[in-house]
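All remarks here apply to the structure that follows.
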Amino acid sequence: MTHYKKNILITGGSGFIGSNLIHYLIKNKSYKIFNIDKLSYASNSNSLEYLKNNKRYFFSKFSICNKNKLKNVYENFKPNIIINLAAESHVDNSIKSPSNFIQSNIVGTFNLLEVSRNYFIKNLIKDFKFYHISSDEVYGDYYGKKNKALESSRYNPSSPYAATKAAADHLVRAWMRTYNLPILISHSTNNFGPYQNSEKLIPKTITNALNYNKIPIYGNGKQKRDWIYVDEHVNAISKVLNKGEIGESYNIAGGNQITNLNLVKMILSILDKLKPIKSNSSSLIKNSYLELLSFVDDRPGHDLRYCINANKIINKLKWKPKNKFKNDLKKTIKWYIQNKNLFN
């Protein structure tokens with residue numbers, strides 16, 4: 001019988017970051033992976049299709065709000081690691097329908113913690129870990145501040161999305177303090193890469209441009225974000241999982257701060273070179289995709305700047321990004337060009 005060192009339960013494993021994490025972890029033949037995902041509109045299940053006959057990969061479709069199904073998976077799969085990526089994540093959607101975010105991000109995390117706690121106490125699993133993936137948005141707007149958010153910085157969420165992620169973080173920490181559940185938390189900056197849902201800024205810009213549709217820019221477009229290529233992020237997750245100190249949280253930054261407007265302009269300039277506009281292809285544009293830019297009213301409570309300090313993971317866990325932002329962005333754009341049919 002094959003012995004597996006780690007049985008890893010990943011929630012939200014069919015999402016953008018989750019599926020890329022599974023790609024990364026499944027390469028280790030000592031891992032078995034069980035993916036729980038409700039397969040919402042933002043799921044990325046096509047990228048995991050190649051694993052359907054892999055004897056070390058399992059999948060079940062349901063929401064983490066279903067406590068009974070969670071219990072059954074724990075009892076049968078017997079995980080020693082939980083990685084929680086299941087979350088509603090699009091800020092615009094959280095403004096329109098915050099109740100969905102309350103359920104998935106708070107109630108769902110609570111269910112996972114309770115099932116994990118009871119399972120851990122009952123089975124005394126060696127090296128058990130509950131790893132919760134969070135966001136830099138919990139720290140709130142850092143516009144005008146000279147410093148960057150540390151892991152110990154005060155939470156100040158602005159959107160319903162950020163508030164529910166912050167609440168989930170607090171629950172995770174409380175379950176360690178009160179029940180001694182071994183936990184880890186990480187906060188990452190904005191992710192990008194292939195297969196990301198087209199509602200997000202980078203794929204939305206690319207797909208709109210390829211279809212000659214207007215590209216909306218909120219307000220003046222000067223909101224600043226830090227970006228990390230998804231492969232870099234999952235590499236950092238693996239580092240935290242294997243080397244992180246129980247009870248600690250780690251900021252994962254890409255080191256690529258840029259305004260939304262400059263990012264969009266960069267994408268469109270790259271597209272002009274990779275896929276030049278054909279004459280008479282559209283009444284909207286003649287020479288450049290930049291002609292598609294359209295400034296729209298800013299969204300409510302829009303944070304101007306997120307900025308986190310990643311020195312802790314760099315110094316203590318010896319991880320740092322490769323800082324190939326332009327190359328990774330170009331690689332991402334090429335992928336969307338080649339897979340345009342997936343987003344029409």
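The values are calculated or read from the model by the stated rules, or taken from the named source; none is laboratory data. All figures in this text were calculated on a predicted structure; none of them were measured in a lab. Every residue, glycine as well, gets a Cβ built from its backbone with ideal geometry; the counts of neighbours run over all protein chains shown.
A few points about this structure:
- Residue-level analysis places PRO300 outside the set of residues that are part of a loop (DSSP other than H, G, I, E, B), more than 30 Å from ILE237 (Cα to Cα) and free of Cβ contacts under 8 Å to residues at least 12 places away in the same chain.
- Yes/no for LYS278 being in contact with a strand residue (DSSP E or B) (Cβ under 7 Å, 6 or more places away or on another chain), part of a loop (DSSP other than H, G, I, E, B) and surrounded by fewer than 17 Cβ atoms within 10 Å (Cβ to Cβ): no
- For the residues TYR155, TYR195, the requirement of being at pLDDT 95 or above and in a loop (DSSP other than H, G, I, E, B) singles out TYR155.
- Any hit, the range 160-173, residues being buried (at least 21 other Cβ atoms within 10 Å of the Cβ) and in contact with a His (Cβ under 6 Å, 6 or more places away or on another chain): yes
- Hits in the range 210-246 - residues which are aromatic (Phe, Trp, Tyr) and touching a His at 6+ places or on another chain (Cβ under 7 Å): TYR218
- If the condition is being in a loop (DSSP other than H, G, I, E, B) and buried (at least 20 other Cβ atoms within 10 Å of the Cβ), then the range 308-318 contributes only ALA310.
- Of the residues ILE95, ILE82, the single one that is in contact with a strand residue (DSSP E or B) (Cβ under 6 Å, 6 or more places away or on another chain), within 27 Å of ASN191 (Cβ to Cβ) and aliphatic (A, V, I, L, M) is ILE82.
- Exclusive hit being farther than 24 Å from ASN180 by Cβ, touching a helix residue (DSSP H, G or I) at 6+ places or on another chain (Cβ under 9 Å) and among the hydroxyl-bearing types (Ser, Thr, Tyr), set SER94, SER116: SER94
- Restricting the range 252-275 to residues that are free of Cβ contacts under 8 Å to residues at least 24 places away in the same chain and of a type outside the set (S, T, N, Q), the residue that is surrounded by the fewest Cβ atoms within 10 Å (Cβ to Cβ): LYS273
- The listed residues are LEU304, LEU329, and the only one of them that is modelled with pLDDT of 95 or more and within 23 Å of the chain's Cα centre (by Cα) turns out to be LEU329.
- Any hit, the range 218-234, residues being closer than 15 Å to LEU25 by Cβ and touching a strand residue (DSSP E or B) at 6+ places or on another chain (Cβ under 6 Å): yes
- Pair list, Cβ under 9 Å, 6 or more apart: the range 95-111 residue touching a residue at least 60 places away in the same chain (Cβ under 8 Å), other residue part of a helix (DSSP H, G or I) and acidic (Asp, Glu): THR109/ASP169
- Enumerated strands (runs of 3 or more DSSP E) restricted to the range 10-102, each holding at least 1 residues that are under 16 Å from the mean Cα position of the chain (by Cα) and surrounded by 23 or more Cβ atoms within 10 Å (Cβ to Cβ): 31-37, 81-84
- Only one of the numbered conditions (1) in a loop (DSSP other than H, G, I, E, B); (2) in contact with a strand residue (DSSP E or B) (Cβ under 6 Å, 6 or more places away or on another chain) is violated by ASP169, and that is (1).
- Residue match in the range 212-227 (condition: out of contact with any Gly (no Cβ under 9 Å at 6 or more places or on another chain) and of a type in the set (Val, Ile, Thr)): yes
- All of (1) farther than 21 Å from VAL234 by Cα; (2) at pLDDT 95 or above; (3) among the hydroxyl-bearing types (Ser, Thr, Tyr) hold for THR11 with one exception: (1).
- Scanning the range 127-150 for residues that are buried (at least 22 other Cβ atoms within 10 Å of the Cβ) and either more than 20 Å from the chain's Cα centre (by Cα) or of a type in the set (A, V, I, L, M, F, W, C) (or both) yields PHE130, ILE133, VAL138, ALA149.
- Any hit, the range 267-283, residues being touching a Pro at 6+ places or on another chain (Cβ under 7 Å) and modelled with pLDDT of 95 or more: no
- Flag if PHE128 is touching an Asp or Glu at 6+ places or on another chain (Cβ under 8 Å), modelled with pLDDT of 90 or more and not small (Gly, Ala, Ser): no
- Residue satisfying condition, being in a strand (DSSP E or B), over 22 Å from VAL172 (Cβ atoms) and among the hydrophobic types (A, V, I, L, M, F, W, C), within set ILE258, ILE333, ILE337, ILE270: ILE258
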